[in-house]
Amino acid sequence: MTWENKPVWSEGMFLRPQHFQQFDRHVSAQLEGRVSPLSSYPYGLTELRFSEGLLKTGKLVIEKCSGIFSDGTPFRVPDEVAAPMALEVKSDKRDAIVHLCIPEARAGAAEVAMDESAQADTRYLAGEFEASDSVYGSASRVAMNVGRLQLSLRFEDEGLDGYQTIPVTRVTERKADDSLTLDQHFIPCGLSIRAGEKLPRFLAELEGMLHQRGEALAGRLGTPGAKSVADISDYLTLMILNKAEARARHIASLPAIHPADFYEYLVTLAGELATYMAKARRPNFMPTYNHREQRHCFNAVILELNNLLSQSKMDNTVNIPLQLAKHGVRWGQVNDRTLFNGAEFILAVRADVDTERVRANLPKLAKVGSVEVISQLVNRQLPGASLSPMGAEPRQIPFTANTTYFRINTTHEQWKLVEVSGKVAIHIQDKLPGIELDLWAIRGAE
């Protein structure tokens, strides 16, 4: 293949236009070969804006756009390249993807049309340009022909063979009043997420959600005297939220970020959050990144992150304060009635005796029931909700030395009365000196 090889310059050679054309192709090929491996997807739009006014007349017109085609051809409309002709959308067009196109550069094919009237399907159209001398003090100007890219807008079903293309939008329909509706969820093939509106808008929403969730979790963990405690997963979740929010703020401050890099950030965040927020503790399947059809992969990860971050994450472990009343009765108010729907209630006991003695004797010495009936249970020696010693301390509760843990039988009839009143009472016979009690409720305990 010699179409892009370097021309050999030698003294006395007869110069023809083809020599300079060959040199142009060689330089372009060298540049493209040097820079294209630097990015996995080095093509797409960096900016795109349609004429809102002409959309109302049934025409799709680009006001401004810039980017790079996959063969390395850059363009800037309208600065260096004329906008493509308006695309007239017929009434029967629905859900049709529109591409920005230029003819491919092919060996032996004409690349430049000298006259617009020829209507030749070439990459460039010649036009006159008056160039000034860039040397200081020189006022000379020279008229010359320059080639400007001939861009066009084409529907996907029109046949795009022989063209370099970039998907730019999807036309949903042409209404009865001739106005066009564009798919607001479509993501154009971009070199930057700012080529369209959807990804920057989601980035702003994501930053807000991360901040809100982080503030709520940090407030719960850092409140002095808080009546809840989190296991290590809450702190790890907060670490993920803090890191993700800082990175989202950084990404928002950048003038451009490649969609593939942004997608990597989102799927990584979704995977990390799934560990602590998803029921299965595993992330849902995320599509492979598709540069030309970004909507499929981004729609999936956006939905996943919205689901994960919009969940109302309740305290998994709640401490129920116990107050000392008359005759050695301790009682506590269960303010969150949802705890009665499946949460385990754990009684943590410390005393100035051996833990084995506490484990063996406390179930026989304790009465657990509602505030309204605890006196009857004690005076008449009636059984309350039973207590079962636990083999190990629950991981959700802060470790305290010399503490024995008991699980309250929440299926007992006396506990059903606690669920009605929302007040639990505990009485322990005075046979365990220095006794201290803590009552905990644990959601989702294993």
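Please treat every number below as a calculation from the coordinates, not as lab data. Not measured: the values here are computed from a predicted model. All Cβ positions, glycine included, derive from the backbone under ideal geometry; neighbour counts span all protein chains shown.
Length gain on complete extension for the stretch THR275 to ASP92, per 0.36 nm per residue less the alpha carbon to alpha carbon distance? Show your work: numbers first, answer last.
Working: separation 183, 0.36 × 183 = 65.88 nm, distance 4.74 nm.
Answer, rounded to one decimal: 61.1 nm.
Please state the charge dipole magnitude for region 1-108, taken about the Cα centre, from unit charges on C-beta atoms (+1 on K and R, -1 on D and E), reported in debye and rounded to the nearest 20.
Here region 1-108 has a charge dipole of around 180 debye.
Taking a cut-off of 20 Å between Cα atoms, list the aspartates and glutamates near LYS326, but don't count ones fewer than 8 places away on the same chain.
Straight-distance partners of LYS326: GLU372, ASP430, GLU436, ASP438.
Who wins for biggest fluctuation among LEU309, LEU365, LEU387 in a Gaussian network model of the chain, springs between alpha carbons below 10 Å?
Judging by the Gaussian network model, the answer is LEU365.
Around ILE320, which amide H atoms from residues at least 5 apart in sequence, or from another chain, sit under 5 Å from its own amide H, with H modelled in the peptide plane?
LEU439, TRP440, ALA441
Mark the label point 7 Å from the Cα of ALA29 along Cα→Cβ and return the residues of region 1-15 whose backbone N is within less than 20 Å of it.
From region 1-15, the list is 1-10.
Between ALA139, ALA366, ALA278, where does the largest GNM mean-square fluctuation fall for the chain, given springs only between Cα atoms within less than 10 Å?
Top of the fluctuation ranking is ALA139.
Using R₀ = 35 Å, calculate the FRET efficiency as 1/(1 + (r/R₀)^6) where r is the Cβ-Cβ separation of LYS431 and MET239; round to 0.05.
About 0.15, to the nearest 0.05.
With θ set to phi - 60° and the Karplus curve 6.51 cos²θ - 1.76 cosθ + 1.60, what are the ³J(HN,Hα) couplings of region 72-89 in order, to the nearest whole Hz, using x for Gly and Pro?
Those phi angles translate into x, 7, x, 8, 9, 10, x, 4, 10, 10, 5, 5, x, 4, 4, 9, 7, 9 Hz.
Just checking my list (i) 1.42; (ii) 1.05; (iii) 1.62 against Cα Rg over 2.2 N^0.38 Å computed from this structure; which label fits?
Read-out taken from this structure: (iii).
To the nearest 10 degrees, how steep is helix 294-310 against the longest Cα principal axis of the chain, on a 0 to 90 scale?
Compared with the principal axis, the helix lies near 20 degrees.
How large is ³J(HN,Hα) for each residue in region 95-103, as worked out from phi by the Karplus curve 6.51 cos²θ - 1.76 cosθ + 1.60 (θ = phi - 60°), to whole Hz, x for Gly and Pro?
6, 9, 7, 10, 10, 8, 10, 9, x
Can you spot the lysines whose alpha carbon is less than 28 Å from LYS56's alpha carbon? Ignore those fewer than 8 places along the same chain.
Hits, sequence-local ones excluded: LYS64, LYS90, LYS93, LYS175, LYS198.
If you place +1 on the Cβ of every Lys and Arg, -1 on the Cβ of every Asp and Glu, and leave all else neutral, what size is the dipole of the chain about its Cα centre, to the nearest 20 Debye? Can you show the working numbers first?
Details: 50 positive and 55 negative charges, 469 e Å.
Roughly 2260 debye, rounded to the nearest 20.
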